[in-house]
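The values are calculated or read from the model by the stated rules, or taken from the named source; none is laboratory data. Fair warning: this is a prediction, and the values are worked out from it, not measured in the lab. Because the Cβ atoms are built from the backbone with ideal geometry, glycine has one as well, and the counts that use them run over all protein chains shown. Keep in mind that these areas ignore ligands, DNA and RNA; they rest on the heavy atoms of the full protein, side chains included. Shrake-Rupley method; radii C 1.70, N 1.55, O 1.52, S 1.80 Å.
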Amino acid sequence: MKSVTLGVWIGTGSRFEDEKSHGISHFLEHLMFKGTGRRSAKDIAEAIDAVGGQLNAFTAKEYTCYYIKVLDVHRELAMDILSDMLLNSKFAAEDIERERQVVLEEVHMYEDSPDELVHDIYLDAVWPGHPLGRNILGAEESIEGFDRRLVLDFYHSHYTADNIVVAAAGNLEHEALVELAGKHFGGFSGNKKDALVHPPQYTPTRLIHSKETEQVHLCLGTASVSQSSPDIYPTHIINNILGGGISSRLFQSIREERGLAYSVYSYQANYRDAGLFTVYAGTRPNNIGQVVELIMKNIMDLQAGGVTKEEFIKAKEQIKGNLLLGLESSSSRMSRIGKMEITLGRYISLDEVVDKIERVAEEDIWRMIKKMFVSESLCLTALGPIQSDSIPDVRKPRE
């Protein structure tokens with residue numbers, strides 16, 4: 001490769017916020033781009049553009065990442081800019097006020113995107129009152145209350161030497177990276193603030209949220225496994241078979257055979273001590289009952305007959321192929337190693353992942369199907385111009 005991607009991962013996200021600070025991790029991410037003692041916001045942007053680089057960041061539930069992708073000859077500039085942002089940002093009062101308006105606009109924009117909003121409504125329904133159930137952006141009320149003191153308190157409590165991982169991939173050597181990181185990040189000190197982290201309590205429920213939209217958007221799901229569970233591999237295979245691609249059961253039966261939805265898929269969300277398995281679909285209001293019944297039929301077919309040998313082998317190969325093809329850029333490689341280190345505390349090699357996928361037996365698939373897809377444990381959330389009686393109750397046992 002001729003590129004290098006440098007990423008700085010902070011072990012904090014929306015999970016570590018209380019109601020007063022809800023959204024502050026994301027807000028702080030925004031402020032990091034607003035200028036330092038050495039560079040204005042414009043200086044930062046121009047320095048990256050001048051070398052054809054890419055600078056970005058994102059906030060998740062359990063971590064925040066800042067990264068730069070540049071040609072290998074500019075890796076020291078990238079490290080200098082990242083460290084300057086993370087160590088020397090001014091957090092000026094006027095920037096906080098200006099960015100507050102930007103983030104509030106982002107919140108309002110998100111609320112106008114029902115295909116995204118339904119996932120947050122769903123999380124809040126299944127994990128009520130828990131930080132993992134809250135959205136990452138924050139609420140209008142909490143964002144309005146952010147001030148410089150709160151920003152600095154959160155920064156000093158979480159942006160500490162023991163809570164940061166520097167990850168990199170591309171045309172560079174490890175020892176040179178260690179030296180570069182020591183030179184630029186030596187200013188970090190302190191210990192992270194202890195957070196009372198407890199697992200969320202999964203709550204099967206049914207929530208119909210009326211909203212004037214063109215489609216009805218729904219999430220139908222159940223509790224899954226944590227990120228470190230050995231059962232994460234069989235659940236990935238189940239996800240692939242049920243709704244993980246264009247040959248999956250849901251895509252074929254709902255979109256290809258009946259044309260009832262443009263977007264239908266399943267996914268897993270796995271955290272340090274909890275997980276969710278979710279099916280999403282968007283369809284016209286008059287089709288919603290049929291779509292729900294088809295999703296439930298596919299789940300019941302799994303419960304009754306498991307998966308075929310052909311599906312089992314194909315799913316393994318597809319997962320391995322997606323994993324390996326997804327690592328053909330320095331950005332994706334950096335993201336993989338950084339996320340593993342910040343969440344699991346260790347790097348899991350590709351060979352180890354492939355070996356664990358290969359070791360999954362058909363009885364493991366059957367065991368997890370029986371464990372997860374119990375009618376009484378299913379949760380359904382729908383958003384759109386509908387009434388509750390338009391949607392079948394998925395928690396009632398079916399014949």
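Please list, in order, the residues from segment 11-35 whose amide nitrogen is less than 17 Å from a point placed 7 Å along the Cα→Cβ vector of Arg149. Correct set: 20-22. Multiplying the residue separation of Asp43 and Arg284 by 0.36 nm and removing their Cα-Cα distance gives an extension gain of 82.0 nm.
Axis angle, to the nearest 10 degrees, between helix 174-185 and the longest C-alpha principal axis of the chain: 70 degrees. Computed extension length for Arg359-Ser210: 49.1 nm, one decimal, from 0.36 nm per residue of separation with the Cα-Cα distance subtracted.
Per-residue ellipticity at 222 nm computed for the chain from its helices equals -13500 deg cm²/dmol, with DSSP H segments shorter than 4 residues left out and the rest contributing -39,500 (n - 2.57). Ranking Arg149, Arg255 from most to least accessible surface, computed with a 1.4 Å probe over the protein chains only, gives Arg149, Arg255. Computed from Cα positions, the angle between helix 75-88 and the longest principal axis of the chain comes to roughly 90 degrees. Residues within the reach of a label modelled at Ala304 (point 7 angstrom out along Cα to beta-carbon, backbone nitrogen below 18 Å), restricted to segment 352-378, are 366, 369-371, 373-376.
Considering only Val178, Val103, Val353, the mean-square fluctuation computed in a Gaussian network model of the chain, springs between alpha carbons under 10 angstrom, is largest for Val178. Rolled with a 1.4 Å probe across the full set of protein chains, the surface gives Lys90 an accessible area near 100 Å².
Counting only protein heavy atoms and a probe of 1.4 Å, the accessible surface of the chain is 49% carbon and sulfur. Treating r as the C-beta distance of Ser377 and Val107 and R0 as 22 Å, the FRET efficiency rounds to 0.10.
To the nearest 10 degrees, how steeply does helix 232-243 sit against the main Cα axis of the chain, on a 0 to 90 scale? The helix 232-243 is inclined about 60 degrees to the chain.
For segment 1-68, relative contact order (Cα pairs under 8 Å, six or more residues apart, normalised by length) works out to 47 percent. In percent, rounded to a whole number, the relative contact order of the chain is 22, using alpha-carbon pairs under 8 Å and six or more apart. Rolling a 1.4 Å probe across the protein heavy atoms gives the chain an accessible surface of 46 Å² per residue.
Highest GNM mean-square fluctuation among Arg206, Arg39, Arg359, for the chain modelled with Cα contacts below 10 Å: Arg359.
How much of the DSSP bridge set in the chain is antiparallel, in percent, rounded to the nearest 5? DSSP beta bridges in the chain are roughly 90 percent antiparallel.
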